[in-house]
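A.B. asks: This is the structure I have questions about; it appears just below.
What follows is calculated from the coordinates using simple rules that are stated; it is not laboratory data. Model, not experiment: these values are computed from the prediction. Note that each Cβ is placed from the backbone with ideal geometry, even for glycine, and that neighbours are counted across all protein chains shown.
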Amino acid sequence: MPRFCWGLLLLVVASLNRAQALSVDEFIAEVKEAHQGLRGALLKAEADAGQAAGVKVAYAFTLFSELKHTDDRTAGGSSPILPGVTSKNDRLAFGVSKQERFGLQSKLSYSLQQSRLDGIPSGYGIDGSFSTASLGVELSQPLWKNAFGRDFTVQDEGMRLGSQAQVRGDHFQAQQILVASEKAYWKLASKRELAKIQQASYLRAQAIVGWQARRVSKNLADQADLLQAQAALKVRELEREASASELRLALKQCNELRSKEASQELLSDFPSKAAVLQLALPQRGKQRGDLEAARLFLLASRKNVELSYSKFTPSLDLIFNGALTSKEGEFTQAAGATLSPQHPNYTIALRFSMPLLEKNLYTGLDQAQQQGLRAQELSVNQQAADQEHEWEELQQRLSDGKRRFTLSSELEAAQLGKVKAEQSRLQAGRSTTYQMEMFEQEFLGAQVGRVLAAAQILEVIASMRIFEDEAL
């Protein structure tokens with residue numbers, strides 16, 4: 001009998017590896033380029049980061065203007081001093097306003113108004129047509145609620161923290177896709193390695209059938225030995241087909257991740273026995289992305305609750321309104337005399353307001369908000385504890401996988417020695433086909449066990465990457 005076609009098997013394996021394999025880093029690079037979910041998560045992160053700039057909008061200069069026409073024909077006249085008089089006014093006003101971070105609200109405005117009074121008795125000596133102009137400034141500074149912009153600071157900080165939480169969550173979503181992609185790659189690599197092993201086992205079983213058929217034809221072996229070899233070949237064929245089916249599914253998953261046709265070929269690179277135990281391990285970052293996002297959301301919620309308390313705070317504002325005014329018969333004259341200090345107009349005031357709430361209502365709202373914060377805090381603490389356990393479990397699985405891989409490799413070498421020795425015995429007529437098949441089955445099991453142990457190590461290492469500091 002030939003030596004189970006060992007030379008032929010080497011040629012088969014060499015032909016399978018003839019094409020250039022795609023490394024895991026190259027595969028991940030393709031996923032980054034083509035995966036729409038990953039690209040969407042990164043784009044959303046950029047958009048969420050840009051939302052933080054929206055805080056500055058509230059403190060930008062605002063330009064305003066107003067053009068108004070009034071026709072007052074109120075019954076009894078538009079003026080209680082001059083009964084029966086009606087008025088028409090055309091007014092143009094414009095200016096700029098600004099809200100400062102320290103709470104000051106300011107407005108600088110300029111207005112022009114053309115007025116006409118109709119129905120004035122002739123004996124009053126009043127000109128019914130005149131124009132007024134005004135250059136004014138309005139200032140309002142909170143002294144209690146939002147004093148020195150305290151509420152603005154809390155609000156801005158809450159928005160900043162919320163934006164950071166969104167961005168970190170988006171990046172974590174992208175990390176999850178990359179980790180899933182790496183797992184899919186190693187799954188494909190391991191399924192391809194198993195397919196090679198099953199193919200090699202099938203060819204060895206096929207060689208035994210041919211050898212036994214020749215022996216039976218020469219009356220050197222019983223028909224039962226041939227039937228035993230043929231049955232073993234069918235078992236190997238079923239195992240080979242099952243392995244090929246799993247390989248197709250793994251290939252489909254990888255191609256979907258890189259937006260390729262499901263059947264497009266992708267040769268993966270499975271690490272050698274020596275390389276498996278020398279793979280670089282991911283370094284754990286300070287905190288996982290989803291936990292960091294959760295903690296940032298918690299901080300943002302605390303700021304929002306702090307801001308909500310300002311609704312119950314009394315308001316005391318210092319207000320100043322001042323203007324330089326002019327009144328002339330003609331529109332242009334009034335406009336030209338606006339900057340004259342002869343007719344100033346100013347007001348200084350204190351404005352106070354206070355919400356009137358029942359104590360039970362305020363207490364109930366405060367209690368509800370504190371309970372919500374406490375619930376969120378407990379959830380974050382549990383998430384942190386779960387991640388500690390998950391990391392410890394991954395480390396334990398990695399350690400177990402390495403031990404199992406070492407033992408499986410040693411077992412594979414021993415089983416290979418057994419197969420070769422039994423092969424020699426069978427050729428010498430000192431063994432049976434059944435015994436040879438048993439040894440072949442044990443050797444196949446050892447090979448599969450070694451690949452599965454390596455696959456576990458690769459899967460665990462990929463899972464550990466979710467704990468790394470983001471590097472997208």
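A.B. asks: Which ³J(HN,Hα) values in Hz, rounded to whole numbers, follow from the phi angles of segment 172-181 under the Karplus curve 6.51 cos²θ - 1.76 cosθ + 1.60, where θ = phi - 60° and Gly and Pro get x?
C.D. replies: Per residue, the Karplus-derived 3J(HN,Hα) values read 5, 4, 5, 4, 4, 5, 5, 5, 4, 5 Hz.
A.B. asks: Which one, A280, G401, L43, is farthest towards the positive end of the dipole of the chain when Lys and Arg carry +1 and Asp and Glu -1 on their Cβ?
C.D. replies: Of A280, G401, L43, it is G401.
A.B. asks: Still on this model: Where the only charges are on Cβ atoms (+1 Lys, Arg; -1 Asp, Glu), what is the dipole of segment 204-332 about its Cα centre, to the nearest 20 debye? Working shown, then result.
C.D. replies: Details: 20 positive and 16 negative charges, 164 e Å.
So the magnitude is around 780 debye.
A.B. asks: Further, regarding this structure: Just to confirm the filter: which GluC sites (Glu not before Pro) across segment 289-336 are DSSP coil and have at most 13 other Cβ within 10 angstrom of their Cβ?
C.D. replies: Working: sites: E292, E306, E328, E330; in loops: E330.
Answer in residue order: E330.
A.B. asks: Cross-link partners among aspartates and glutamates for K420, C-alpha distance below 14 Å, same-chain residues fewer than 8 apart left out?
C.D. replies: E412, E437, E440, E442
A.B. asks: First select every other residue whose beta carbon is under 15 angstrom from the beta carbon of Q253; then total the charges, Lys and Arg +1, Asp and Glu -1. Numbers along the way, then the final one.
C.D. replies: Numbers: positive: K183, K187, K191, R192, R248, K252, R258, K260; negative: E30, E182, E246, E256, E261, E265, E459.
With Lys, Arg at +1 and Asp, Glu at -1, the neighbours total +1.
A.B. asks: As an exercise, take the mean of 1/r over every pair of distinct alpha carbons in the chain, invert it, and state the Kirkwood radius in angstroms.
C.D. replies: Details: mean 1/r = 0.0321 Å⁻¹.
That comes to 31.1 Å for the chain.
A.B. asks: Expressed as an acute angle from 0 to 90° and rounded to the nearest 10, what is the orientation of the C-alpha long axis of helix 223-257 relative to the principal long axis of the chain?
C.D. replies: That helix lies at roughly 20 degrees to the long axis.
A.B. asks: Quick one: what are the phi-derived ³J(HN,Hα) couplings along segment 271-286, Karplus 6.51/-1.76/1.60 with θ = phi - 60°, whole Hz, x for glycine and proline?
C.D. replies: Once θ is set to phi - 60°, the couplings for segment 271-286 become x, 6, 4, 5, 6, 4, 7, 10, 5, 5, 9, x, 9, 6, x, 5 Hz.
A.B. asks: Sort the following peptides by mean Cβ neighbour count (other Cβ atoms within 10 Å, averaged over residues), highest first: 436-443, 47-54. Numbers along the way, then the final one.
C.D. replies: On the way: 436-443: 19.4, 47-54: 13.2.
Top of the packing list down: 436-443, 47-54.
A.B. asks: Residue by residue through segment 311-323, what is 3J(HN,Hα) from phi via Karplus (6.51 cos²θ - 1.76 cosθ + 1.60, θ = phi - 60°)? Round to whole Hz and write x for glycine and proline.
C.D. replies: 5, 9, 8, x, 10, 9, 10, 9, 10, 9, 10, x, 7
A.B. asks: Something else now. Please get the size of the charge dipole for the chain, origin at its Cα centre, with Cβ charges of +1 on Lys and Arg and -1 on Asp and Glu, quoted in debye to the nearest 20. Can you show the working numbers first?
C.D. replies: Numbers: 56 positive and 55 negative charges, 313 e Å.
It works out to roughly 1500 debye.
A.B. asks: Okay, next question. Given the DSSP H assignment, sum -39500 (n - 2.57) over each helix run of at least 4 residues in the chain and divide by its residue total; what's the result at 222 nm in deg cm²/dmol, nearest 500? Walk me through the numbers before you get to the answer.
C.D. replies: On the way: 10 runs with 272 residues, N = 472.
That calculation yields -20500 deg cm²/dmol at 222 nm.
A.B. asks: OK, next. Quick check on packing: order 232-238, 161-167 by the mean number of other C-beta atoms within 10 Å, highest mean leading.
C.D. replies: Values: 232-238: 17.0, 161-167: 20.4.
The packing order, highest mean first, is 161-167, 232-238.
A.B. asks: What is the set of long-range amide H partners of N146 at a cut-off below 5 Å, with H atoms built 1.01 Å from backbone N?
C.D. replies: D151
A.B. asks: Oh, and also: What distance in nm separates the simple spin-label points at S106 and E390, each placed 7 Å from Cα in the Cβ direction?
C.D. replies: In this crude label model, S106 to E390 measures out at 5.2 nm.
A.B. asks: Could you line up F64, F148 from fewest to most neighbouring Cβ atoms inside 10 Å?
C.D. replies: Values: F64 11, F148 15.
Listing F64, F148 from fewest to most nearby Cβ atoms yields F64, F148.
A.B. asks: Excluding same-chain residues fewer than 8 positions from K187, which lysines have a Cα within less than 24 Å of its Cα?
C.D. replies: K32, K196, K252, K260, K273, K402
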